[in-house]
Amino acid sequence: MLDFSAKRELLDKVKNMNYDELYEFSEKIRNYMIDVVSKNGGHLASNLGTVELTIALYRVFDPFEDYIIWDTGHQAYTHKLLTGRWEEFKTLRKFGGISGFTNIFEDSVDRFGAGHVGTSIAAALGIEKALNLSKKEANVVVVIGDGALTSGQALEALNQVKSQNSKIKIILNSNGMSIAKNVGGLSILLESLRTSKLYITLKERIKKGMNEGVEFELKKIKEALKVALVGEDFFESIGLKHFGPIDGHDIRTLEEALKQIKAYPYPTVLTVFTTKGKGYHYSEANPTKYHGVEKFDPDTGYFEKPENSYSYSEVFGKTLIKIAEEDDKVVALTAAMPDGTGLTQFSKEFPDRFVDLGITEQSVVTYAGGLSTIGYKPVVAIYSTFLQRAYDQIIHDIALQNLSVLFAIDRAGLVGTDGPTHHGVFDICYLKSIPNMKILTPIDAKDLANMLYTIIKQRNKYSGPIAIRYPRDVEFGNLDEIYGKIEYESPFKWKYINSGKDIALLSVGTLTKEYIEMCKEKNWTLVGVRSVKPLDEESLKEIISNHSFIFTIEEGMINGGFGESVLSYINENLSDEITNVKIKNIGIKDEFITHGTRYELIKLVGLDSESIKKYVEKYVEKFDLKG
Ligand code: TPP
């Protein structure tokens, strides 16, 4: 058993507090969270919603002895605070500081690392199996949100619970929200509990009973619940006992219910209703806006946004509106991320041509395939990291049938403070090897708008699956000017940004802008690689024949990346002709990248212009010396 003694000091105090002290302490935690998150950014609303739940959970179960798995890990700040990271919490999401998610390298009491939704139940079942095999006694508890529960992986694992004779305890943190409002039949079912008269009267009865010192009667709750579900309990029908719903901010009620499920020797779901953003006026009023935030003013709730700036997500969203106005075949799809992907306005203007399937990346991709077979023009707006979920669907459902699905891959590259679970550094590698797939990498906002316009409006000419990747970044200027000048432009041609001598940088995507000044100053050629697949072979041949050194630069993994495509093209097609040219690939080495601001990380991996300059000069110097 690991020695957690030094880390449990605060938890031991919490275990000895009376209820008044516990509520006072909850307030203290909330204020601390608001203070830190307003400076460092983070998942504010989700964490404000789980304060009392975590306190009660850790007074009944023991995080150091039991196995508590937090789904997604984005709501586990109170967990971090209670397990020995009170001081470290100030460094939340900062470079070198603690992670915004559960992370087993940060602390082994973070029993399973996460960042992506829906993994908790499967991980818990695996842990429980291992504990059983090694004859160890411990409780295995999952805390999962009602949004996460609708993800395919969570439902698959839920289906396994009965056949494993599991005893896991699932706390369903139901707040009616994913990042946006929950969607789908399961969430309608869960929400109907919240508004049912039975829950409301039950809540009152429990409150009254508590005040009068009457024993908590779980049985009654269960009966009430059954009626509320009109005899059709989803969880019970697949072999889990369903308790609740109870008020997830009432510590005493929570404790009593948790004690009951702890004693119950079968797999159990306890539904708790919480308020997302609880206790902070602004986040309670708008939990979506405060789900994941950057720095803000805690007094006014106001977010600083650099003046005259627009994000690539905004460019995407607005361009798609313009295209959809002209083309009624365009349908936009998201997996629970309408805001993040810039589709909120689109969803208002074209409600019939907007589909949010919830956190179901696989289904969204296949659904888009279905649309495409009937002649529609689906655009799947998705973060690079979450598209990883749908790898088989991309191959089996889309590429294999050469369906014209457009993947608008947002958050490609280093995303910053969300860290390694969220960096979009694998998409080039995982898409590149798929036949029929094309990968485009616009070099700026105008290029992104033109590419979208060109491809969607001329889908017959540019058919099949196409991915356009762009990062979590902004540009400065007047966005409206872009739309005034939107035009058709071949998406597969590379762009000479600077014509120089001997040395050429082939730069993928929007980082290209970073290198313009340097290349002018050094008289190096700079080429904006707008298409990773297909390669612009004509330009590539020309560059090879006119330069002695070529450096490929990409905000993605070197393994399997664009640079390797260049090498492999040469190897395949030009190896006999080439005698002199030296080629080096610059990108992310074979490791996961930590969290920090986007720019800190770009420097860390050596993609800023200063690092590139040093790298190139050093490399070239070596050859000059050798003569
Ligand atoms: N898709 C995947 C696979 N992983 C993700 N982390 C996301 C999307 C983005 N995401 C993070 S939290 C979240 C989403 C969609 C909502 C989760 O909702 P819920 O589980 O109800 O938790 P809440 O924040 O409401 O407490």
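More than 12 Å from the ligand (Cβ to nearest atom) and free of Cβ contacts under 8 Å to residues at least 60 places away in the same chain: does that describe THR83? When the stated conditions are applied, THR83 does not pass them.
For segment 144-180: of the residues being in contact with a strand residue (DSSP E or B) (Cβ under 9 Å, 6 or more places away or on another chain) and among the basic types (Lys, Arg), which is surrounded by the most Cβ atoms within 10 Å (Cβ to Cβ)? The residue in question is LYS169.
Residues being closer than 30 Å to ILE382 by Cβ and at pLDDT 90 or above are represented in segment 255-271 by at least one member.
Looking across segment 86-109, the residues that are among the charged types (D, E, K, R) and either outside any loop (DSSP other than H, G, I, E, B) or more than 16 Å from the ligand (Cβ to nearest atom) (or both) come down to GLU87, GLU88, LYS90, LYS94, GLU106, ASP107. Filter segment 126-184 down to the residues that are of a type in the set (A, V, I, L, M), under 18 Å from PRO267 (Cβ atoms) and assigned to a loop (DSSP other than H, G, I, E, B), then identify the one that is farthest from the ligand (Cβ to nearest atom). Among those residues, the one meeting the criterion is ALA138.
Just one of (1) in a strand (DSSP E or B); (2) crowded, with 18+ Cβ neighbours inside 10 Å fails for TYR515. It is (1).
Please indicate, with yes or no, whether at least one residue in segment 192-206 is on the phi < 0 side of the Ramachandran plot, more than 16 Å from the ligand (Cβ to nearest atom) and either in contact with a Cys (Cβ under 7 Å, 6 or more places away or on another chain) or at pLDDT 90 or above (or both). No, that holds for no residue. Applying the condition of being part of a loop (DSSP other than H, G, I, E, B) and of a type in the set (Val, Ile, Thr) to segment 585-627 and asking which residue is farthest from the chain's Cα centre (by Cα) yields VAL605.
If the condition is being assigned to a loop (DSSP other than H, G, I, E, B) and within 16 Å of the ligand (Cβ to nearest atom), then segment 111-125 contributes PHE112, GLY113, ALA114, GLY115, HIS116, VAL117, GLY118, THR119. Going by what's in this entry, would SER309 be described as touching a residue at least 40 places away in the same chain (Cβ under 8 Å), polar (S, T, N, Q) and either surrounded by fewer than 20 Cβ atoms within 10 Å (Cβ to Cβ) or at negative phi (or both)? Criteria met by SER309. With the requirement that a residue be outside any helix (DSSP H, G or I), free of Cβ contacts under 8 Å to residues at least 60 places away in the same chain and in contact with a helix residue (DSSP H, G or I) (Cβ under 8 Å, 6 or more places away or on another chain), what does segment 549-582 give you? Scanning segment 549-582 gives ILE550, THR552, ILE553, ILE558, ILE578, VAL581, LYS582. For residues that are surrounded by 24 or more Cβ atoms within 10 Å (Cβ to Cβ) and not in a loop (DSSP other than H, G, I, E, B), scanning just segment 392-423, find the one that is nearest to the ligand (Cβ to nearest atom). So, considering only residues that are surrounded by 24 or more Cβ atoms within 10 Å (Cβ to Cβ) and not in a loop (DSSP other than H, G, I, E, B), the one nearest to the ligand (Cβ to nearest atom) is ASP410.
Could you tell me whether THR102 is of a type outside the set (Asp, Glu), within 20 Å of the chain's Cα centre (by Cα) and either surrounded by fewer than 21 Cβ atoms within 10 Å (Cβ to Cβ) or closer than 29 Å to VAL364 by Cβ (or both)? Spelling it out, THR102 is indeed of a type outside the set (Asp, Glu), within 20 Å of the chain's Cα centre (by Cα) and either surrounded by fewer than 21 Cβ atoms within 10 Å (Cβ to Cβ) or closer than 29 Å to VAL364 by Cβ (or both). Looking at ASN559, is it surrounded by fewer than 16 Cβ atoms within 10 Å (Cβ to Cβ), more than 23 Å from TRP524 (Cα to Cα) and over 26 Å from the mean Cα position of the chain (by Cα)? So ASN559 fails the test.
For segment 252-264, a residue qualifies if it is crowded, with 21+ Cβ neighbours inside 10 Å and hydrophobic (A, V, I, L, M, F, W, C), and the qualifying residues are LEU254, ALA257, LEU258, ILE261. The set of residues in segment 310-337 that are closer than 21 Å to GLY369 by Cβ and either within 16 Å of the ligand (Cβ to nearest atom) or in a strand (DSSP E or B) (or both) comprises VAL330, VAL331, ALA332, LEU333, THR334, ALA335, ALA336, MET337. Return yes when MET518 is of a type outside the set (Phe, Trp, Tyr) and over 25 Å from LYS446 (Cβ atoms) and no when it is not. No: the conditions fail for MET518. Here LEU44, LEU125 are screened, and the one residue that is farther than 23 Å from PHE303 by Cβ and crowded, with 18+ Cβ neighbours inside 10 Å is LEU125.
The values are calculated or read from the model by the stated rules, or taken from the named source; none is laboratory data. Please read all numbers here as calculations on a predicted model, not as lab measurements. Here the Cβ is made from the backbone with ideal geometry for all residues, glycine too, and neighbour counts use every protein chain on show.
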